[in-house]
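The values are calculated or read from the model by the stated rules, or taken from the named source; none is laboratory data. For clarity, every value in this text was computed on a predicted model and none was experimentally measured. Cβ: placed from backbone, ideal geometry, glycine included. Neighbour counts: every protein chain shown. Each accessible area value is taken on the protein alone, full model and side chains, heavy atoms only, with ligands, DNA and RNA left out. Shrake-Rupley method; radii C 1.70, N 1.55, O 1.52, S 1.80 Å.
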Amino acid sequence: MTSLSDLNSAPEVTQYAGEHLTELHALASSEPQDHAVTELAELPTEETVAEAGSAPSAALVPQRDHQTAGCAAVSVELQNEDPAVLAWSLVCDEETVPMEPHAWPIQDMVQFSSLRTEVPYHEVLWRDWEDLSAKPCELEQVSKNTPLFEFRVMSYNILAQDLVEQSLDLYLHCHPNILNWNYRLPNLLQEIQHWDPDVLCLQEVQENHYWEQLEPTFKGMGFTCFYKRRTGKKTDGCAVCYKHSRFQLISFSPIEYFRPGLDILNRDNVGLVLLLQPVLPEGLDPKAVSPLCVANTHVLFNPRRGDIKLAQMALLLAEIDKIAKTTEGSYYPVILCGDLNSVPDSPLYKFIQNGELSYHGMPAWKVSGQEDFSQQLYSRRMLAPLWPSSLGVTDNCQYITLCQPKKQDRHKYSRDFLLQFHYCDLACQRPAHLVLLEGVTDAKPDRPPHWLKPAAMVKDPDPQPLVPRSSGIIQHGLNLTSVYSHFLPQRGRPEVTTMPMGLGTTVDYIFYSAEPVENKNRGGRRLYQDGALKLLGRLSLLSEDVLLMANGLPNPFCSSDHLCLLASFGLEITSLREVN
(Lines give C-alpha, C1' and ligand atoms only; values in the text may rest on other atoms or scores of the structure.)
Protein backbone atom coordinates (compact mmCIF):
# COMPACT_ATOMS: atom_id res chain seq x y z
CA MET A 1 0.00 0.00 0.00
CA THR A 2 1.27 3.45 -0.83
CA SER A 3 2.52 5.21 2.29
CA LEU A 4 0.86 8.42 3.41
CA SER A 5 4.06 9.83 4.81
CA ASP A 6 4.61 11.71 1.56
CA LEU A 7 1.51 13.77 2.29
CA ASN A 8 3.20 15.78 5.03
CA SER A 9 3.58 19.41 4.10
CA ALA A 10 7.11 20.76 3.94
CA PRO A 11 7.83 24.12 5.68
CA GLU A 12 8.25 25.85 2.33
CA VAL A 13 4.84 24.67 1.15
CA THR A 14 3.22 25.53 4.48
CA GLN A 15 4.62 29.05 4.21
CA TYR A 16 3.47 29.21 0.60
CA ALA A 17 -0.07 28.15 1.54
CA GLY A 18 -0.07 30.60 4.47
CA GLU A 19 0.81 33.51 2.20
CA HIS A 20 -2.06 32.61 -0.10
CA LEU A 21 -4.50 32.38 2.81
CA THR A 22 -3.44 35.87 3.88
CA GLU A 23 -4.13 37.13 0.38
CA LEU A 24 -7.47 35.31 0.34
CA HIS A 25 -8.60 37.01 3.53
CA ALA A 26 -7.78 40.36 1.94
CA LEU A 27 -9.66 39.38 -1.22
CA ALA A 28 -12.67 38.18 0.73
CA SER A 29 -12.95 41.55 2.50
CA SER A 30 -12.67 43.58 -0.70
CA GLU A 31 -15.65 44.90 -2.65
CA PRO A 32 -17.19 42.43 -5.10
CA GLN A 33 -16.41 42.85 -8.76
CA ASP A 34 -18.59 41.97 -11.68
CA HIS A 35 -17.22 39.38 -14.08
CA ALA A 36 -19.00 38.51 -17.27
CA VAL A 37 -16.79 35.47 -17.79
CA THR A 38 -15.09 33.37 -15.10
CA GLU A 39 -11.33 33.54 -15.55
CA LEU A 40 -8.94 31.22 -13.78
CA ALA A 41 -5.76 32.75 -12.41
CA GLU A 42 -2.51 31.09 -13.30
CA LEU A 43 -1.57 28.67 -10.57
CA PRO A 44 1.75 26.99 -9.77
CA THR A 45 1.92 23.58 -11.33
CA GLU A 46 2.09 20.37 -9.35
CA GLU A 47 5.73 20.01 -10.39
CA THR A 48 6.57 23.48 -9.04
CA VAL A 49 5.07 22.64 -5.67
CA ALA A 50 6.99 19.36 -5.59
CA GLU A 51 10.24 21.25 -6.21
CA ALA A 52 9.52 23.29 -3.10
CA GLY A 53 9.95 20.11 -1.09
CA SER A 54 6.56 18.44 -0.87
CA ALA A 55 4.42 15.82 -2.54
CA PRO A 56 1.00 16.89 -3.88
CA SER A 57 -0.01 16.82 -0.24
CA ALA A 58 -3.17 17.92 1.38
CA ALA A 59 -4.65 20.10 -1.29
CA LEU A 60 -7.02 17.80 -3.12
CA VAL A 61 -5.35 17.52 -6.51
CA PRO A 62 -7.63 15.72 -8.95
CA GLN A 63 -5.80 13.04 -10.89
CA ARG A 64 -5.64 12.78 -14.63
CA ASP A 65 -5.81 9.02 -15.04
CA HIS A 66 -8.86 8.21 -12.96
CA GLN A 67 -11.84 6.27 -14.26
CA THR A 68 -15.28 7.79 -13.85
CA ALA A 69 -18.72 6.65 -14.81
CA GLY A 70 -20.70 9.04 -16.98
CA CYS A 71 -18.05 11.81 -16.98
CA ALA A 72 -17.43 14.25 -19.78
CA ALA A 73 -13.98 13.97 -21.33
CA VAL A 74 -11.44 16.61 -20.31
CA SER A 75 -9.93 18.55 -23.18
CA VAL A 76 -6.24 18.42 -24.09
CA GLU A 77 -5.85 22.09 -23.25
CA LEU A 78 -7.11 21.51 -19.73
CA GLN A 79 -4.73 18.61 -19.25
CA ASN A 80 -1.81 20.98 -19.79
CA GLU A 81 -2.96 23.17 -16.92
CA ASP A 82 -2.39 22.68 -13.23
CA PRO A 83 -4.26 19.47 -12.27
CA ALA A 84 -5.88 21.33 -9.37
CA VAL A 85 -7.69 23.53 -11.86
CA LEU A 86 -9.37 20.49 -13.40
CA ALA A 87 -11.83 20.41 -10.52
CA TRP A 88 -13.23 23.63 -11.93
CA SER A 89 -13.61 22.19 -15.42
CA LEU A 90 -15.69 19.05 -15.04
CA VAL A 91 -19.05 20.63 -15.77
CA CYS A 92 -20.53 19.31 -18.97
CA ASP A 93 -19.61 21.54 -21.96
CA GLU A 94 -17.15 23.39 -19.70
CA GLU A 95 -19.73 25.92 -18.59
CA THR A 96 -18.47 28.77 -16.44
CA VAL A 97 -19.66 29.01 -12.87
CA PRO A 98 -20.51 32.49 -11.52
CA MET A 99 -19.17 33.04 -8.03
CA GLU A 100 -21.73 35.62 -6.90
CA PRO A 101 -23.23 34.31 -3.65
CA HIS A 102 -27.00 34.17 -3.26
CA ALA A 103 -28.80 35.58 -0.26
CA TRP A 104 -29.85 33.15 2.44
CA PRO A 105 -33.58 32.58 2.76
CA ILE A 106 -33.54 33.17 6.52
CA GLN A 107 -32.91 36.59 8.01
CA ASP A 108 -29.87 37.07 10.25
CA MET A 109 -28.36 33.91 8.79
CA VAL A 110 -24.64 33.95 8.04
CA GLN A 111 -23.95 35.69 4.73
CA PHE A 112 -21.00 34.36 2.77
CA SER A 113 -18.25 36.76 1.83
CA SER A 114 -18.03 37.66 -1.83
CA LEU A 115 -15.22 35.65 -3.39
CA ARG A 116 -13.36 36.90 -6.44
CA THR A 117 -13.46 34.45 -9.27
CA GLU A 118 -9.70 34.13 -9.70
CA VAL A 119 -9.21 32.79 -6.16
CA PRO A 120 -8.24 29.08 -6.47
CA TYR A 121 -10.45 26.87 -4.35
CA HIS A 122 -7.74 24.28 -3.89
CA GLU A 123 -5.74 26.93 -1.99
CA VAL A 124 -8.64 27.95 0.23
CA LEU A 125 -9.57 24.35 1.07
CA TRP A 126 -6.06 23.11 1.73
CA ARG A 127 -6.14 20.12 4.10
CA ASP A 128 -2.99 18.92 5.86
CA TRP A 129 -2.14 15.33 6.58
CA GLU A 130 -1.43 14.81 10.27
CA ASP A 131 1.11 12.05 10.91
CA LEU A 132 0.34 10.51 14.31
CA SER A 133 2.66 7.51 14.01
CA ALA A 134 5.65 9.20 15.64
CA LYS A 135 4.13 10.30 18.95
CA PRO A 136 6.68 9.95 21.79
CA CYS A 137 4.12 8.21 23.99
CA GLU A 138 3.44 5.69 21.25
CA LEU A 139 7.12 4.92 20.74
CA GLU A 140 7.43 4.00 24.38
CA GLN A 141 4.49 1.61 24.25
CA VAL A 142 5.11 -0.07 20.91
CA SER A 143 8.34 -1.63 19.83
CA LYS A 144 9.75 -0.32 16.58
CA ASN A 145 10.02 -3.92 15.44
CA THR A 146 6.27 -4.54 15.80
CA PRO A 147 4.96 -5.12 12.26
CA LEU A 148 1.68 -3.47 11.33
CA PHE A 149 -0.94 -4.11 8.68
CA GLU A 150 -1.56 -0.54 7.51
CA PHE A 151 -4.77 0.58 5.82
CA ARG A 152 -6.85 3.71 5.25
CA VAL A 153 -10.52 4.28 6.04
CA MET A 154 -12.68 7.04 4.55
CA SER A 155 -16.13 8.10 5.72
CA TYR A 156 -18.06 10.39 3.40
CA ASN A 157 -21.61 11.69 3.18
CA ILE A 158 -21.76 12.35 -0.56
CA LEU A 159 -25.17 14.12 -0.61
CA ALA A 160 -27.83 12.20 -2.52
CA GLN A 161 -29.07 14.05 -5.59
CA ASP A 162 -32.71 13.42 -4.72
CA LEU A 163 -32.17 15.17 -1.39
CA VAL A 164 -30.60 18.14 -3.18
CA GLU A 165 -33.61 18.51 -5.45
CA GLN A 166 -36.05 18.09 -2.57
CA SER A 167 -34.35 20.80 -0.47
CA LEU A 168 -33.09 23.41 -2.92
CA ASP A 169 -33.74 26.13 -0.35
CA LEU A 170 -30.71 24.82 1.57
CA TYR A 171 -28.42 25.48 -1.41
CA LEU A 172 -29.40 28.94 -2.59
CA HIS A 173 -25.79 30.04 -2.14
CA CYS A 174 -24.73 27.58 -4.88
CA HIS A 175 -24.82 28.13 -8.60
CA PRO A 176 -27.24 25.57 -10.11
CA ASN A 177 -24.51 24.09 -12.30
CA ILE A 178 -22.42 22.85 -9.38
CA LEU A 179 -25.49 21.11 -7.93
CA ASN A 180 -25.90 19.05 -11.09
CA TRP A 181 -25.08 15.37 -10.59
CA ASN A 182 -23.07 15.28 -13.82
CA TYR A 183 -20.81 17.91 -12.27
CA ARG A 184 -20.71 16.47 -8.77
CA LEU A 185 -20.06 12.82 -9.65
CA PRO A 186 -16.63 13.31 -11.29
CA ASN A 187 -15.52 15.55 -8.42
CA LEU A 188 -16.57 12.99 -5.81
CA LEU A 189 -14.88 10.13 -7.64
CA GLN A 190 -11.69 12.15 -8.11
CA GLU A 191 -11.58 12.93 -4.41
CA ILE A 192 -12.04 9.30 -3.41
CA GLN A 193 -9.47 8.07 -5.91
CA HIS A 194 -6.98 10.74 -4.88
CA TRP A 195 -6.98 9.70 -1.21
CA ASP A 196 -7.06 6.00 -2.18
CA PRO A 197 -8.79 4.46 0.86
CA ASP A 198 -8.77 0.72 1.47
CA VAL A 199 -12.16 0.85 3.21
CA LEU A 200 -14.82 3.30 2.07
CA CYS A 201 -17.96 4.09 4.10
CA LEU A 202 -20.50 6.24 2.26
CA GLN A 203 -23.76 7.81 3.39
CA GLU A 204 -26.59 9.33 1.32
CA VAL A 205 -25.85 7.05 -1.62
CA GLN A 206 -28.75 7.22 -4.06
CA GLU A 207 -29.80 3.74 -5.13
CA ASN A 208 -29.95 4.21 -8.90
CA HIS A 209 -26.65 6.12 -8.89
CA TYR A 210 -25.06 3.33 -6.86
CA TRP A 211 -26.05 0.49 -9.19
CA GLU A 212 -25.61 2.39 -12.46
CA GLN A 213 -22.47 4.46 -11.78
CA LEU A 214 -20.81 4.17 -8.37
CA GLU A 215 -20.63 0.40 -7.91
CA PRO A 216 -19.30 -0.29 -11.45
CA THR A 217 -16.70 2.46 -11.01
CA PHE A 218 -15.64 1.22 -7.59
CA LYS A 219 -15.31 -2.31 -8.95
CA GLY A 220 -12.93 -0.95 -11.56
CA MET A 221 -10.92 0.62 -8.72
CA GLY A 222 -10.57 -2.78 -7.00
CA PHE A 223 -13.39 -2.49 -4.46
CA THR A 224 -15.96 -5.03 -3.35
CA CYS A 225 -19.12 -3.17 -2.41
CA PHE A 226 -22.16 -3.69 -0.19
CA TYR A 227 -25.20 -1.43 -0.15
CA LYS A 228 -28.30 -1.01 1.99
CA ARG A 229 -31.07 1.35 0.93
CA ARG A 230 -33.19 3.09 3.50
CA THR A 231 -36.56 1.47 4.10
CA GLY A 232 -39.90 2.96 3.03
CA LYS A 233 -39.93 5.38 0.11
CA LYS A 234 -36.42 6.74 0.67
CA THR A 235 -34.12 6.49 -2.34
CA ASP A 236 -30.72 6.71 -0.62
CA GLY A 237 -28.79 4.51 1.76
CA CYS A 238 -25.36 3.49 3.03
CA ALA A 239 -22.53 1.65 1.31
CA VAL A 240 -19.35 -0.03 2.54
CA CYS A 241 -16.62 -0.85 0.03
CA TYR A 242 -13.27 -2.52 0.64
CA LYS A 243 -10.37 -3.40 -1.61
CA HIS A 244 -10.42 -7.14 -2.18
CA SER A 245 -6.63 -7.10 -2.47
CA ARG A 246 -6.44 -5.95 1.17
CA PHE A 247 -9.41 -7.65 2.85
CA GLN A 248 -11.61 -10.72 2.57
CA LEU A 249 -15.22 -10.82 3.75
CA ILE A 250 -16.07 -12.95 6.78
CA SER A 251 -19.63 -11.75 7.36
CA PHE A 252 -22.01 -9.01 6.24
CA SER A 253 -25.00 -7.77 8.24
CA PRO A 254 -27.37 -5.01 7.08
CA ILE A 255 -29.50 -3.31 9.76
CA GLU A 256 -32.93 -1.74 9.43
CA TYR A 257 -33.85 0.56 12.31
CA PHE A 258 -37.54 0.66 11.40
CA ARG A 259 -39.63 -1.65 13.57
CA PRO A 260 -43.40 -1.71 12.94
CA GLY A 261 -45.48 -0.66 15.93
CA LEU A 262 -42.60 0.92 17.87
CA ASP A 263 -42.71 4.72 18.08
CA ILE A 264 -39.11 4.72 19.26
CA LEU A 265 -38.04 3.01 16.03
CA ASN A 266 -40.41 4.33 13.37
CA ARG A 267 -37.87 5.91 11.00
CA ASP A 268 -36.24 4.58 7.85
CA ASN A 269 -32.55 4.84 8.70
CA VAL A 270 -30.19 1.90 8.15
CA GLY A 271 -26.70 0.66 8.86
CA LEU A 272 -24.15 -1.94 7.75
CA VAL A 273 -21.76 -4.10 9.77
CA LEU A 274 -18.98 -6.11 8.08
CA LEU A 275 -16.35 -8.40 9.51
CA LEU A 276 -13.23 -8.36 7.35
CA GLN A 277 -10.07 -10.45 7.39
CA PRO A 278 -6.92 -8.54 6.41
CA VAL A 279 -4.98 -10.16 3.58
CA LEU A 280 -1.31 -10.73 4.41
CA PRO A 281 1.41 -11.45 1.87
CA GLU A 282 1.39 -14.97 0.52
CA GLY A 283 3.16 -17.45 2.73
CA LEU A 284 2.34 -15.74 6.04
CA ASP A 285 -0.12 -17.13 8.54
CA PRO A 286 -3.45 -15.37 7.85
CA LYS A 287 -4.35 -15.68 11.54
CA ALA A 288 -1.37 -13.53 12.49
CA VAL A 289 -3.58 -10.43 12.23
CA SER A 290 -6.98 -9.97 13.83
CA PRO A 291 -10.20 -9.62 11.83
CA LEU A 292 -11.61 -6.10 11.65
CA CYS A 293 -15.24 -5.10 12.24
CA VAL A 294 -16.37 -2.11 10.13
CA ALA A 295 -19.73 -0.42 10.74
CA ASN A 296 -21.37 2.40 8.80
CA THR A 297 -24.62 4.24 9.48
CA HIS A 298 -26.61 7.42 8.95
CA VAL A 299 -28.65 8.28 12.03
CA LEU A 300 -31.93 10.23 12.02
CA PHE A 301 -31.54 14.00 11.56
CA ASN A 302 -34.56 15.33 13.52
CA PRO A 303 -32.98 17.20 16.48
CA ARG A 304 -36.16 16.86 18.55
CA ARG A 305 -36.13 13.05 18.47
CA GLY A 306 -32.96 12.19 20.33
CA ASP A 307 -34.79 9.23 21.81
CA ILE A 308 -34.97 7.68 18.33
CA LYS A 309 -31.28 8.40 17.74
CA LEU A 310 -30.32 6.62 20.95
CA ALA A 311 -32.47 3.60 20.07
CA GLN A 312 -30.96 3.44 16.57
CA MET A 313 -27.46 3.61 18.01
CA ALA A 314 -28.31 0.89 20.55
CA LEU A 315 -29.42 -1.41 17.72
CA LEU A 316 -26.22 -0.73 15.78
CA LEU A 317 -24.03 -1.36 18.83
CA ALA A 318 -25.91 -4.60 19.55
CA GLU A 319 -25.18 -5.77 16.01
CA ILE A 320 -21.51 -4.79 16.35
CA ASP A 321 -21.41 -6.62 19.67
CA LYS A 322 -22.72 -9.76 17.96
CA ILE A 323 -20.41 -9.56 14.93
CA ALA A 324 -17.21 -8.43 16.67
CA LYS A 325 -17.35 -10.64 19.76
CA THR A 326 -14.85 -13.49 19.83
CA THR A 327 -15.46 -16.95 21.22
CA GLU A 328 -13.46 -15.94 24.31
CA GLY A 329 -15.81 -13.02 25.00
CA SER A 330 -13.46 -10.22 23.92
CA TYR A 331 -13.90 -8.10 20.78
CA TYR A 332 -12.15 -7.84 17.46
CA PRO A 333 -11.02 -4.27 16.62
CA VAL A 334 -13.96 -2.09 15.57
CA ILE A 335 -14.16 0.97 13.31
CA LEU A 336 -17.48 2.83 13.37
CA CYS A 337 -18.10 5.43 10.65
CA GLY A 338 -21.10 7.55 9.85
CA ASP A 339 -23.15 10.69 9.90
CA LEU A 340 -24.53 10.56 13.45
CA ASN A 341 -26.34 13.92 13.30
CA SER A 342 -24.97 14.76 16.73
CA VAL A 343 -22.30 17.26 17.74
CA PRO A 344 -19.18 16.53 19.84
CA ASP A 345 -19.74 16.30 23.60
CA SER A 346 -23.48 15.82 23.12
CA PRO A 347 -25.07 13.03 25.21
CA LEU A 348 -25.09 10.70 22.18
CA TYR A 349 -21.41 11.38 21.51
CA LYS A 350 -20.54 10.84 25.18
CA PHE A 351 -22.49 7.59 25.17
CA ILE A 352 -20.34 6.23 22.33
CA GLN A 353 -17.10 7.59 23.80
CA ASN A 354 -17.68 6.82 27.49
CA GLY A 355 -19.75 3.66 27.11
CA GLU A 356 -22.54 4.87 29.40
CA LEU A 357 -25.42 7.35 29.48
CA SER A 358 -28.03 8.13 32.11
CA TYR A 359 -30.99 9.22 30.02
CA HIS A 360 -34.02 8.99 32.34
CA GLY A 361 -35.78 12.37 32.44
CA MET A 362 -33.50 13.93 29.82
CA PRO A 363 -35.27 16.08 27.19
CA ALA A 364 -35.08 14.28 23.85
CA TRP A 365 -33.81 17.39 22.04
CA LYS A 366 -30.68 17.43 24.21
CA VAL A 367 -29.39 14.08 22.98
CA SER A 368 -27.77 15.32 19.75
CA GLY A 369 -26.89 18.86 20.86
CA GLN A 370 -27.92 20.25 17.46
CA GLU A 371 -30.48 22.80 18.62
CA ASP A 372 -31.81 24.32 21.83
CA PHE A 373 -35.50 23.69 22.37
CA SER A 374 -35.46 24.54 26.09
CA GLN A 375 -38.12 27.21 25.57
CA GLN A 376 -40.70 24.65 24.50
CA LEU A 377 -43.41 24.22 27.10
CA TYR A 378 -44.02 20.55 26.38
CA SER A 379 -40.70 18.98 25.41
CA ARG A 380 -40.52 15.22 25.07
CA ARG A 381 -38.65 13.61 27.95
CA MET A 382 -37.12 10.16 27.82
CA LEU A 383 -38.34 7.63 30.35
CA ALA A 384 -37.00 4.23 31.31
CA PRO A 385 -37.02 1.80 29.68
CA LEU A 386 -36.26 3.63 26.45
CA TRP A 387 -37.34 0.70 24.26
CA PRO A 388 -39.57 -2.31 25.04
CA SER A 389 -38.15 -5.70 25.95
CA SER A 390 -39.79 -7.11 22.82
CA LEU A 391 -37.00 -5.47 20.82
CA GLY A 392 -34.66 -8.11 22.23
CA VAL A 393 -31.92 -5.64 23.17
CA THR A 394 -30.70 -5.12 26.73
CA ASP A 395 -29.61 -1.87 28.36
CA ASN A 396 -26.05 -3.05 27.70
CA CYS A 397 -26.74 -2.86 23.95
CA GLN A 398 -26.57 -6.61 23.49
CA TYR A 399 -29.07 -9.03 22.01
CA ILE A 400 -30.87 -10.98 24.71
CA THR A 401 -30.29 -14.29 22.91
CA LEU A 402 -26.56 -13.66 23.09
CA CYS A 403 -26.68 -12.65 26.73
CA GLN A 404 -28.82 -15.65 27.74
CA PRO A 405 -27.76 -18.60 25.55
CA LYS A 406 -30.10 -21.58 25.61
CA LYS A 407 -28.87 -24.89 26.89
CA GLN A 408 -27.87 -27.36 24.23
CA ASP A 409 -30.08 -30.11 25.72
CA ARG A 410 -33.17 -27.96 26.15
CA HIS A 411 -36.39 -29.95 25.59
CA LYS A 412 -38.23 -29.10 22.37
CA TYR A 413 -42.00 -29.48 22.25
CA SER A 414 -43.92 -30.57 19.19
CA ARG A 415 -46.88 -28.61 17.82
CA ASP A 416 -49.31 -31.42 18.62
CA PHE A 417 -48.13 -31.52 22.21
CA LEU A 418 -48.64 -27.78 22.66
CA LEU A 419 -52.12 -27.89 21.06
CA GLN A 420 -53.27 -30.11 23.90
CA PHE A 421 -53.32 -27.02 26.09
CA HIS A 422 -55.69 -25.11 23.80
CA TYR A 423 -58.75 -26.10 25.88
CA CYS A 424 -57.13 -26.72 29.23
CA ASP A 425 -58.88 -25.48 32.39
CA LEU A 426 -56.65 -22.44 32.63
CA ALA A 427 -57.33 -21.45 29.06
CA CYS A 428 -61.09 -21.71 29.55
CA GLN A 429 -61.13 -19.62 32.73
CA ARG A 430 -62.61 -16.15 32.31
CA PRO A 431 -60.13 -13.39 33.24
CA ALA A 432 -61.27 -11.36 36.24
CA HIS A 433 -60.68 -7.99 34.55
CA LEU A 434 -62.60 -8.92 31.35
CA VAL A 435 -65.69 -6.73 30.83
CA LEU A 436 -68.83 -8.85 31.12
CA LEU A 437 -70.89 -8.73 27.91
CA GLU A 438 -73.87 -11.04 27.77
CA GLY A 439 -73.56 -13.59 25.02
CA VAL A 440 -70.01 -12.53 24.30
CA THR A 441 -67.73 -12.81 27.34
CA ASP A 442 -70.03 -14.70 29.67
CA ALA A 443 -69.82 -18.01 27.82
CA LYS A 444 -67.30 -20.65 28.67
CA PRO A 445 -65.88 -22.42 25.65
CA ASP A 446 -66.70 -26.10 25.43
CA ARG A 447 -64.00 -28.57 24.61
CA PRO A 448 -64.77 -30.32 21.30
CA PRO A 449 -65.64 -34.01 21.70
CA HIS A 450 -62.71 -35.06 19.54
CA TRP A 451 -60.24 -32.98 21.58
CA LEU A 452 -57.96 -35.03 23.74
CA LYS A 453 -58.01 -34.55 27.48
CA PRO A 454 -55.24 -32.12 28.36
CA ALA A 455 -52.13 -33.59 29.85
CA ALA A 456 -50.76 -32.39 33.12
CA MET A 457 -49.09 -29.00 32.92
CA VAL A 458 -45.40 -29.40 32.18
CA LYS A 459 -43.05 -26.71 33.37
CA ASP A 460 -40.44 -25.37 30.96
CA PRO A 461 -37.17 -26.92 32.12
CA ASP A 462 -35.19 -23.85 30.99
CA PRO A 463 -37.30 -20.68 30.98
CA GLN A 464 -35.78 -17.51 29.59
CA PRO A 465 -34.88 -15.30 32.56
CA LEU A 466 -36.44 -11.86 32.74
CA VAL A 467 -33.87 -9.19 31.92
CA PRO A 468 -34.48 -6.15 34.18
CA ARG A 469 -34.56 -2.90 32.20
CA SER A 470 -35.64 -0.05 34.43
CA SER A 471 -32.40 1.65 35.48
CA GLY A 472 -32.56 4.54 33.01
CA ILE A 473 -28.92 3.89 32.07
CA ILE A 474 -27.66 2.39 28.84
CA GLN A 475 -24.14 1.04 28.37
CA HIS A 476 -21.87 -0.70 25.91
CA GLY A 477 -18.46 -2.33 26.24
CA LEU A 478 -16.83 -1.64 22.87
CA ASN A 479 -14.33 1.03 24.10
CA LEU A 480 -14.61 3.44 21.16
CA THR A 481 -12.87 6.78 20.74
CA SER A 482 -12.87 9.39 17.98
CA VAL A 483 -10.17 9.74 15.35
CA TYR A 484 -10.60 13.52 15.47
CA SER A 485 -10.16 15.90 18.40
CA HIS A 486 -12.86 18.29 17.06
CA PHE A 487 -10.62 21.33 17.60
CA LEU A 488 -7.95 22.99 15.45
CA PRO A 489 -5.30 24.32 17.87
CA GLN A 490 -3.36 26.14 15.15
CA ARG A 491 -6.45 28.19 14.30
CA GLY A 492 -8.07 28.20 17.72
CA ARG A 493 -11.37 27.10 16.22
CA PRO A 494 -13.58 23.99 16.20
CA GLU A 495 -13.35 21.48 13.38
CA VAL A 496 -16.24 21.42 10.91
CA THR A 497 -17.56 18.55 8.79
CA THR A 498 -20.67 20.25 7.35
CA MET A 499 -22.25 23.70 7.05
CA PRO A 500 -26.07 23.59 7.09
CA MET A 501 -27.46 27.05 6.32
CA GLY A 502 -23.99 28.57 6.62
CA LEU A 503 -23.31 27.40 10.18
CA GLY A 504 -20.36 25.06 10.60
CA THR A 505 -20.67 21.99 12.80
CA THR A 506 -19.38 18.44 13.21
CA VAL A 507 -21.78 15.51 12.76
CA ASP A 508 -19.54 13.01 10.91
CA TYR A 509 -17.22 10.66 12.78
CA ILE A 510 -14.79 7.79 12.64
CA PHE A 511 -14.64 5.93 15.96
CA TYR A 512 -12.20 3.11 16.58
CA SER A 513 -11.38 0.54 19.28
CA ALA A 514 -8.84 1.58 21.89
CA GLU A 515 -7.83 0.72 25.43
CA PRO A 516 -9.25 2.86 28.25
CA VAL A 517 -6.79 4.67 30.50
CA GLU A 518 -7.34 5.05 34.23
CA ASN A 519 -7.94 8.78 34.65
CA LYS A 520 -9.74 8.96 38.02
CA ASN A 521 -12.99 10.02 36.33
CA ARG A 522 -11.55 13.19 34.86
CA GLY A 523 -14.61 15.27 34.13
CA GLY A 524 -16.58 12.11 33.43
CA ARG A 525 -14.75 11.64 30.13
CA ARG A 526 -13.03 8.36 29.42
CA LEU A 527 -9.49 8.57 28.05
CA TYR A 528 -7.96 6.01 25.70
CA GLN A 529 -4.67 4.82 24.32
CA ASP A 530 -4.08 2.74 21.21
CA GLY A 531 -4.33 -1.02 21.58
CA ALA A 532 -4.04 -3.62 18.85
CA LEU A 533 -5.59 -1.10 16.43
CA LYS A 534 -3.36 1.97 16.14
CA LEU A 535 -4.21 5.37 14.69
CA LEU A 536 -1.33 6.36 12.41
CA GLY A 537 -2.63 9.53 10.78
CA ARG A 538 -5.63 11.55 9.68
CA LEU A 539 -6.63 14.13 7.10
CA SER A 540 -7.19 17.42 8.89
CA LEU A 541 -10.59 19.05 8.85
CA LEU A 542 -11.34 22.73 8.24
CA SER A 543 -12.82 25.51 10.34
CA GLU A 544 -15.98 27.46 9.64
CA ASP A 545 -14.18 30.67 8.65
CA VAL A 546 -12.16 28.86 5.97
CA LEU A 547 -15.27 27.27 4.47
CA LEU A 548 -17.03 30.64 4.51
CA MET A 549 -14.24 31.97 2.30
CA ALA A 550 -15.03 29.18 -0.18
CA ASN A 551 -18.74 30.04 -0.15
CA GLY A 552 -19.56 27.11 2.12
CA LEU A 553 -20.54 23.62 1.02
CA PRO A 554 -21.09 22.47 -1.67
CA ASN A 555 -18.84 24.63 -3.84
CA PRO A 556 -17.14 24.19 -7.24
CA PHE A 557 -14.34 22.20 -5.61
CA CYS A 558 -16.13 20.16 -2.91
CA SER A 559 -19.25 18.58 -4.38
CA SER A 560 -20.94 17.48 -1.15
CA ASP A 561 -22.31 19.44 1.77
CA HIS A 562 -20.02 17.36 4.01
CA LEU A 563 -16.25 17.01 4.12
CA CYS A 564 -14.75 13.56 3.81
CA LEU A 565 -13.02 12.02 6.83
CA LEU A 566 -9.87 9.96 6.28
CA ALA A 567 -7.71 8.06 8.76
CA SER A 568 -4.78 5.66 8.54
CA PHE A 569 -4.66 2.68 10.91
CA GLY A 570 -2.31 -0.14 11.73
CA LEU A 571 -3.25 -3.60 12.99
CA GLU A 572 -0.59 -5.46 14.93
CA ILE A 573 0.73 -8.57 13.22
CA THR A 574 1.42 -11.01 16.01
CA SER A 575 3.81 -13.22 14.09
CA LEU A 576 5.60 -13.29 10.76
CA ARG A 577 5.88 -17.08 10.89
CA GLU A 578 5.53 -18.58 7.44
CA VAL A 579 2.94 -21.25 6.78
CA ASN A 580 4.50 -24.58 5.84
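So what's the net charge close to residue 305: Lys and Arg +1, Asp and Glu -1, counting the other residues with Cβ under 14 Å from its Cβ? Value of the local net charge: +2. For residue 433 and residue 163, FRET efficiency with R0 = 51 Å and r from the beta-carbon atoms, rounded to 0.05? Computed FRET efficiency for residue 163 and residue 433: 0.55. Per-residue SASA remark: residue 230, around 50 Å² accessible (1.4 Å probe; ligands, DNA and RNA not included). In this structure the amide hydrogen of residue 506, modeled in the peptide plane, comes within under 5 Å of the amide hydrogens of 497, none closer than 5 places in sequence on its chain.
Beyond 30 Å in Cα-Cα separation lie the following of the pairs 219/366; 243/287; 228/309; 243/322: 219/366. Amide H to amide H, with H built 1.01 Å from N, residue 128 comes under 5 Å of 540, counting only residues 5 or more places away or on other chains. Largest first, the residues 568, 330 sort by 1.4 Å accessible area into 330, 568.
Multiplying the sequence separation of residue 401 and residue 256 by 0.36 nm and subtracting their Cα-Cα distance, what value in nm do you get?
Difference between extended and current length: 50.3 nm.
Heavy atoms only, 1.4 Å probe, whole protein assembly: order 175, 360 by accessible area, highest first. Don't jump to the answer; show the numbers that get you there.
On the way: 175 45, 360 110 Å².
Ranked list, largest accessible area first: 360, 175.
Grab the other residues whose beta carbon is less than 11 angstrom from that of residue 533, score K and R as +1, D and E as -1, and report the net.
Numbers: positive: 534; negative: 515, 530, 572.
Charge balance in the 11 Å sphere: -2.
Quick check: net charge around residue 198, other residues with Cβ under 10 Å of its Cβ, Lys/Arg +1 and Asp/Glu -1?
On the way: positive: 152, 243, 246; negative: 150, 196.
Summing Lys and Arg as +1 and Asp and Glu as -1 gives +1.
Our coupling estimate for segment 536-552, obtained by passing each phi through the Karplus curve with A = 6.51, B = -1.76, C = 1.60 and θ = phi - 60°, is 9, x, 7, 8, 5, 8, 10, 9, 4, 5, 5, 5, 4, 5, 9, 6, x Hz, Gly and Pro reported as x. For residue 250, the residues whose modelled amide H falls within less than 5 Å of its own, excluding neighbours fewer than 5 places apart on the same chain, are 275, 276, 277.
When segment 261-382 is described by a simple charge dipole with +1 on each Lys and Arg Cβ and -1 on each Asp and Glu Cβ, the residue from 293, 347, 264 located farthest towards its positive end is 264.
So what is the relative contact order of segment 181-311, in percent, for Cα pairs below 8 Å that sit 6 or more residues apart? Computed over segment 181-311, the figure is 20 percent.
How much accessible area does residue 487 have with a 1.4 Å probe, in Å² rounded to the nearest 10? The accessible area comes out at roughly 100 Å².
Going by average Cβ neighbours within 10 Å, how do the peptides 160-166, 260-266 rank, with the highest at the top? Please list the in-between numbers first.
Values: 160-166: 16.9, 260-266: 13.9.
Put in order of decreasing packing, that is 160-166, 260-266.
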